[in-house]
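Reviewing the structure listed below.
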Amino acid sequence: MPTLEQPPSGSVIGPSSPASATLGAQIDLVTGFLRRRYLLILLGLLLSLPFGALYLYITPATYTASSVMMIEPRKGAFDSVMGTSGVPDGVWIESQTIALNSLNVASYVVKQLRLADDPQFVRSGVDWLDKLLFRLGWGEDPEPKSEQERIGAAIAALGHGLKIQRQGQSYMMRIDFHSQNKELAARIANTMIDAYIFDQLNAKYQANRRASDWLQERLQALREQAAAAERAVIDYKAKNNIVAPSGGALLNEKELSDIGGGLVSARVQASDLQVRLERIQAVRKAYQQEKPNSGEQDEIVSEAMGSGIITRLRNQYLDLMNREANWSLRYGNNHQAVTNLRNQIRDIRRSIGDELGRIEESIKSDHALAKRRQEEFDKRLSGLVSQSTETNQAQITLFSLDAAAKSYRKLYDNFLQRHTESVQQQTFPVSEARQISAASVKQTGPKTGLIALGTILAGAMIGGGLAAFREIMDRKFRTREQVQSVLATECLALVPLLADNSRKRIFSKPQPLALESRRAEQFDINRRVAPRSICVTPKIMQTIIDAPGCAYAEAIRSIKLTLDMNNQANAKIIGLTSCLPSEGKSTLAVATATLIAQSGARVILVDCDVRHSSISRLLAPNARTGFLDVVAGTVDLADTVWTDAATQLEFLPVGGHVANATEFLASRAAKSLFDTLQIKYDYVIVDLAPLVANMDVRATSGFIDSYLLVIEWGSTKVDAVQYMLRNAPSVHENIVGVVLNKVDMAAVGHYDSYGAHYYYSQPQRAKSVH
């Protein structure tokens, strides 16, 4: 059973999702959205234009005064003392920019120009939000009343209109001030430079005075510290009996190095003897157990020990072994000569074992001597290390005391020299800043172009937001891909909307008047010959008959093709239903049956919409009996079928109305009737009730092979279709496909520029009513 998939919330309907779409598909998605919603976007633009014009009208002109100042960095008297560099970097320049915005500079400008006494200037420093809240009756009056409040408001207004920026990578500072009074803006821009120079001079004077006082106090402290450090060096030498310590190594360091080397040599020798002893013991154990060996161990021991006795015994051993092997082959293993050789081999092996025991004792003795020598070196090294540690500690302390004494003396001499220089330079304060150009004023606001651009952008955003909201809320079926993604079923066709025109019909080619007359005469003859003939041809049938190449007929033909591909063996019983009334399912049922009949197949159209039988009223308005009567058994099938003479389409009307019509649809008689129709006809097209009449449609699941769901394009909501199918699982399981009906082919291209291009690019050749 196909599952109903929920589309992503807020997704814009288009040919494919942007995540997987190519660049061309994304461009088509955007252009389609613009074509669909351009009126809303234009509405947003039109709404924003009056506000932009009003803003330009009520906004007063603003002026900007610009002055330029250069900061000339000079090396201060205390740069060397403080450890600072005389060359300024980017951080220093930024610091001067911040200093220009400081409270001290702003207070100087406010005081010099008496800005706190200018009511208009003071009011410009009050926050507009506070003014608005006060006018709305919330909060206190933001207008400053006391002297301090006016000064604070003036400083705030000065900060709002002030802008300071560095000119490139130079030492130039540009000072801009924005105001509605151009004379006041020029005065403030010039006074800002004077305020900065005054602040720098005052800061230098204060810094020089504090530095001089600090240097005086520091010199006295350094003098006392240097004298104390030198006395500490002399006292420590006397206490630790250090007469003249050298800058190189101490006396016991060479002895310590020699003992360390001897200790390493002793450890290596002891380790080597231990390894040789273990190997000798392993080989000797093998000989004592009289386990024959390949001779490899004898060779290893002989090479390791360098013993001539073992070498001679091993050669004899090998010679006897060869003879024993040859004689065993020649005389046999039990021969007396072979037995004697084996005894000699055993005696030689024992001799080798005894010699190995002697060598083992010798190595044990050497190993014990090496261990005692190692222990002696360890003891001597420990004593020297302890003695050297005490000496080194005293030497380290002496070095520290001597270095401290020299540092204090050098620092004292340096401070004394700088103090002398600073005292000489304090009386010559020089400012690092000077004015390069006086303030020039120009009008900078309001900026008409920028406001116009902002107004257009704001209008586009408002219109785009409205369009996007409208797009999100448009949860109706528009495209094939939307049907496939939401309902997980195939969209068989997009059936175009044909407008009604009672006076003029447009066919594939004009129909001669004689042909119309002959058709009317044929209808009269058929009426007299066959009383149950369909004499009134509906406009939709006329369109299929007279304009088989129109877009509408092509859409119906695609439905038939899909039905043929799904089941080619048996006659097909196809039920057409929709979610809601007036979606055009009955019209599509008539059109589909007409097109199938025109192709020469045997087809019958059955009206099973027992509550609203629109097809019966259209094709057989005078029918008194029909489907319900045949199911009830009151009439025969042959007495209720109506025939269209032009297409040989047969039609079974709904018949008389009964109270329990749903039970008739679910009865065995109805199933038997459709079994008969399936044998007699190639196609059985059934017009069913909408899914909103849930029980009527579910009652037909016993005899309907597959269902065709008709959805009105741009009208039926996605949620409604999903809800109806969830409540009709038997219908949902057997849906062969979906048809989007009443499609506006001129507008569908805005949603699906690929699938609909063929249709809306073709001229509509017929018009009718759904």
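Is it fair to say ALA154 is part of a helix (DSSP H, G or I) and modelled with pLDDT under 90? The answer is yes for ALA154. Apart from one condition, ILE396 fits all of (1) loosely packed, with under 15 Cβ neighbours inside 10 Å; (2) modelled with pLDDT of 80 or more; the exception is (2). Taking the listed residues LEU691, LEU709, LEU725, LEU673, the one that is in a helix (DSSP H, G or I), open to solvent by less than 10 Å² (accessible area, probe 1.4 Å) and closer than 25 Å to ALA591 by Cα is LEU725, with no other qualifying. Scanning segment 308-339 for residues that are open to solvent by less than 30 Å² (accessible area, probe 1.4 Å) and part of a helix (DSSP H, G or I) yields ILE310, LEU313, TYR317, LEU320, SER328, ALA337, VAL338. Comparison of ARG342, ARG350, ARG380 shows that the only residue that is open to solvent by 60 Å² or more (accessible area, probe 1.4 Å), modelled with pLDDT of 80 or more and among the basic types (Lys, Arg) is ARG342. Selection of segment 695-706 for residues being without any contact (Cβ under 8 Å) to a residue 60 or more places away in the chain and open to solvent by 40 Å² or more (accessible area, probe 1.4 Å) yields MET695, ARG698, SER701, GLY702. Being in contact with a helix residue (DSSP H, G or I) (Cβ under 7 Å, 6 or more places away or on another chain) and within 23 Å of SER440 (Cβ to Cβ) holds for only one residue in ALA195, ALA189, and it is ALA195.
With respect to being assigned to a loop (DSSP other than H, G, I, E, B), charged (D, E, K, R) and open to solvent by 30 Å² or more (accessible area, probe 1.4 Å), ARG617 falls outside the description.
What residue, among those in segment 586-614 that are part of a helix (DSSP H, G or I) and modelled with pLDDT under 90, is farthest from LEU709 (Cα to Cα)? Only one residue fits best here, namely GLN598. Filtered by the rule that a residue be among the hydrophobic types (A, V, I, L, M, F, W, C) and at pLDDT 90 or above, segment 57-81 gives ALA65, VAL68, MET69, MET70.
Is there a residue in segment 9-27 that is surrounded by 15 or more Cβ atoms within 10 Å (Cβ to Cβ) and modelled with pLDDT of 85 or more? Checked against the condition, which is being surrounded by 15 or more Cβ atoms within 10 Å (Cβ to Cβ) and modelled with pLDDT of 85 or more, segment 9-27 yields no hits at all. Look at (1) modelled with pLDDT under 75; (2) among the aromatic types (Phe, Trp, Tyr); (3) open to solvent by less than 40 Å² (accessible area, probe 1.4 Å) and you find that TRP128 fails only one, number (3). Among the residues of segment 602-611, some residue qualifies, meaning at least one is in contact (Cβ under 8 Å) with a residue 60 or more places away in the chain, among the charged types (D, E, K, R) and buried (at least 22 other Cβ atoms within 10 Å of the Cβ). Of SER599, SER582, all but one fail to be under 21 Å from GLN678 (Cβ atoms) and open to solvent by 40 Å² or more (accessible area, probe 1.4 Å); the exception is SER599.
The values are calculated or read from the model by the stated rules, or taken from the named source; none is laboratory data. Just so you know, these numbers come straight off a predicted model, no measurement behind them. Backbone-built Cβ (ideal geometry, glycine too); neighbour counts: all protein chains shown. Ligands, DNA and RNA are excluded from the accessible area calculation, which covers all protein heavy atoms including side chains. Shrake-Rupley method; radii C 1.70, N 1.55, O 1.52, S 1.80 Å.
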